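The values are calculated or read from the model by the stated rules, or taken from the named source; none is laboratory data. Note that the structure is predicted; figures quoted are calculated from it, not measured. Because the Cβ atoms are built from the backbone with ideal geometry, glycine has one as well, and the counts that use them run over all protein chains shown.
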Amino acid sequence: MVFARIVLGLLITIEFTGGLFTSYSETLINTKFHFSYILTTFIEPWSSPILIKSHFILNFILGLLFASGLFYRVVTPLLLISGTSLFLMEQTLYINHFYLYSLIIFIFIFLPANRAYSLDTLRNSKLKVSQVPAWTIYIILFQISVVYIYAGIAKLNYDWLQAQPLQIWLSNKADYPIIGKYIASTSHAYIVAYGGIAFDLLIVPLMLIKQTRKYAFIICIVFHASNAITFGVGTFPWFSIAATSLFFSPRSFRKWKLKTELPPIGNKIYHFGHYKKIIFPLLSLFIAIQVLIPLRHHVYPGNPSWTEEGHFFAWRMMLRTKQSRIQFKVKDTINNKEVIVKLKEHLNNRQIRKMAGSPDMILQFAHYLSDYYTSNHDFNSPKVTAFSKVSLNGRPPQELIVRGVDLSKQRRGLHHYEWILPLKK
């Protein structure tokens, strides 16, 4: 538990703060329009660049306090609110592991992770305990297992089994010194594709079996280190290695020689007492949600990599690459005026690229254009149409949405958008 709080906490802190020094913060600061998630439209970026940068700094401070175990019971929910709200400010910045880190922090709200090796125990030695219930680690392992297993299941689709989009991505690595030719080869793409399926689906059962645990963990290190070298993906590879190590017995961690010894086992055991009546139902609901949400794309027709319906929050990682182009027209149906929208006057390059292949983002932007031209250009009852052509995982470009449909009149929600054209095989 102590290892999880400190190591995972520091990695989460780096991720929650790192956006300050990348294009992540630039998208929040330097764009006129921001894409929201359907259920959190009320969360918007701060109006001032100083406030946005201060939000990142707040994440850093809260993250360090969390990892050090200082004012843990107050800091943990604050870190969840601060980190998650930043994540939800802009849909085009969606990152799977940012979402995972928010879930992990949520779990820690219910855990007694400050009861040893924390600044809280230095302030109050009565807080120190020698043992915590096993489920407090199992709930973290559950969440990690959900990510692995659903990521593996999601890879069982036609494109991934054809090593797409890996062939596209890896072909860009051909200029790597010495190994570039090998990395960019088609055979390597197939090895990575099928190796990824095997790893995601087998790593959890192999880590649960004592006889295979050490060997599986070595494979885990190699797998995630390779991903870090090839694809980058921020802190996620290192977080995954650290989180997967929690499958080892607590005794493995107690063997480490640290300056301050933990109290002897059995000396003082943490009990949740009457809080169980609140914690267990909440965590049971949490578990049910985490099992069901990644399955919701089955409710929608079509390929979720094409429609994007049910794609987010489902551990559908690295399954698609899209090359897209889009054009919006706004027509004043009364005065017969029509303009072709200059996207760069409203969005940055990342937003344009992400939006062009996402029906929900296209709809959001169409609603924005309707309001914009009504308020700023005196359009009466503007009709907003879009023409979008998308290439999914190397396919020939196909039209994404029905031509001529007035997107300003289409309702945004969790329902299927009938104006999405089906993907041609």
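Computed quantities for the displayed model
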{"item": "Residues of the range 309-332 satisfying the condition of being on the phi > 0 side of the Ramachandran plot and touching a residue at least 24 places away in the same chain (Cβ under 8 Å)", "result": "313, 315, 318"}
{"item": "All positions within the range 155-182 that are more than 26 Å from the chain's Cα centre (by Cα) and not basic (Lys, Arg)", "result": "174, 175, 176, 177, 178, 179, 180, 182"}
{"item": "Hits in the range 1-24 (condition: among the hydroxyl-bearing types (Ser, Thr, Tyr) and at pLDDT 90 or above)", "result": "13, 17"}
{"item": "Filtered residue count, the range 83-121, keeping only those that are in a helix (DSSP H, G or I) and either in the same structural domain as residue 282 (by TED's automatic domain parsing) or within 30 Å of residue 19 (Cα to Cα) (or both)", "result": "23"}
{"item": "Some residue of the range 307-322 being modelled with pLDDT under 85 and crowded, with 16+ Cβ neighbours inside 10 Å", "result": "no"}
{"item": "Any hit, the range 86-105, residues being surrounded by fewer than 18 Cβ atoms within 10 Å (Cβ to Cβ), more than 19 Å from residue 233 (Cβ to Cβ) and within 25 Å of the chain's Cα centre (by Cα)", "result": "no"}
{"item": "Scope the range 14-34; condition in a loop (DSSP other than H, G, I, E, B), within 19 Å of the chain's Cα centre (by Cα) and over 21 Å from residue 81 (Cβ atoms); matching residues", "result": "22"}
{"item": "When residues of the range 333-347 are limited to those that are free of Cβ contacts under 8 Å to residues at least 24 places away in the same chain and surrounded by 11 or more Cβ atoms within 10 Å (Cβ to Cβ), the one farthest from residue 374 (Cα to Cα)", "result": "343"}
{"item": "Residue match in the range 325-335 (condition: farther than 21 Å from residue 36 by Cα, of a type in the set (S, T, N, Q) and in a loop (DSSP other than H, G, I, E, B))", "result": "yes"}
{"item": "Among residues of the range 203-225, those that are surrounded by 14 or more Cβ atoms within 10 Å (Cβ to Cβ) and free of Cβ contacts under 8 Å to residues at least 24 places away in the same chain, counted", "result": "6"}
{"item": "Set 339, 390: member being aliphatic (A, V, I, L, M) and either in a helix (DSSP H, G or I) or touching a Pro at 6+ places or on another chain (Cβ under 9 Å) (or both)", "result": "390"}
